[in-house]
1. What do you get for Rg/Rh of the stretch 1-97 when both radii come from the Cα atoms and Rh is the Kirkwood radius?
2. Let me check against my output: what whole-number percent is the relative contact order of the chain, with C-alpha pairs under 8 Å and at least 6 apart?
3. Averaging sequence separations of C-alpha pairs under 8 Å and six or more residues apart, then dividing by the length of the stretch 175-236, give the relative contact order as a whole percent.
4. Rounded to the nearest 20 debye, what is the charge dipole size of the stretch 148-200 about its Cα centre when +1 sits on each Lys and Arg Cβ and -1 on each Asp and Glu Cβ?
5. Taking Cα atoms of the stretch 35-89, Rg/Rh with Kirkwood Rh, to two decimals?
6. Calculate the dipole size of the chain relative to its Cα centre from +1 charges on Lys and Arg beta carbons and -1 charges on Asp and Glu beta carbons; express the result in debye to the nearest 20.
7. Say R0 is 41 Å: what FRET efficiency, to the nearest 0.05, do ARG189 and ALA64 get from their beta-carbon distance?
8. Give the label of the value calculated from the structure for Rg and Dmax of the Cα atoms in Å, choosing from [x] 21.6, 68; [y] 21.0, 63; [z] 18.8, 64.
Amino acid sequence: MPKLKQQSLHQQIIHELGIQIVEGRLEAGDKLPNAEELSDELGVSRTVTREALRVLEEKGLVSARPKVGIQVLPLTQWKMLDRDVLMWHYLSGPSAEFVRNLMEVRRIIEPAAAQLAAKNATPAEIDAIAAAYDELAASVNDLAAYKEADRTFHTAIFEASHNPLLAYLARTVNIDLDAGRNITGRIPRSLPESLPLHQQVVEAIRQRNADTAYRLSVELVNQIADFIEEALREDL
């Protein structure tokens, strides 16, 4: 490993080791050098190294046990909704399997959020959702602007659900939702073709029709999943 700069040593070690594990360069069962050896390799103090390893252990990526040492754990042990773990997935280029798993999560949480928003949103929150849709419609020819508007649109719905756990979950997974947005962006027609369902979700929430908001949100997520599958097939 290269010696690290003196700036943000703690975070640099966490990032360097974390992304190596997520990318698979360090595999489940692999053993890391002990803290002393790792400190010498990286050119940092043992205190900094031990603290970084402790954070990785809290995230479920490694375990440190007497007589066993520091060992990389399997993916099933990772805290998958940890923001750093999600970011490392995003930076490493998420696999098709991971993106599909993400879509399964979206199928569960997004319709529920739309249903609750139809019941609980304030007039101001409905206006915010509608404004985000307007930005979405205005940016179909600009992928970067579209991604930002789409992020704002879905976040506004989660916030309007008035369920703080759902809102927190949305903020957490937003990093990897960008991975899906990048993939659908490879299918140019996906942006304008998804607008009608986005708009219909807004209208269902505005009309306080919770069941319709739920159903339309399911259709929207399924449509996005279809575009993602189309883009993934083109990569084969």
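A short reminder: the numbers here are calculations on the coordinates, not readings from a lab. Note that the structure is predicted; figures quoted are calculated from it, not measured. With ideal geometry, Cβ positions are generated from the backbone for all residues, glycine too; neighbour counts draw on all protein chains shown.
1. We get a ratio of 0.95 for the stretch 1-97.
2. So the answer I get is 20 percent.
3. It rounds to 42 percent for the stretch 175-236.
4. With Lys and Arg at +1 and Asp and Glu at -1, about 100 debye.
5. Details: Rg = 12.1 Å, Rh = 12.0 Å.
Answer for the stretch 35-89: 1.01.
6. 600
7. 0.25
8. Only one listed value fits the structure, namely [y].
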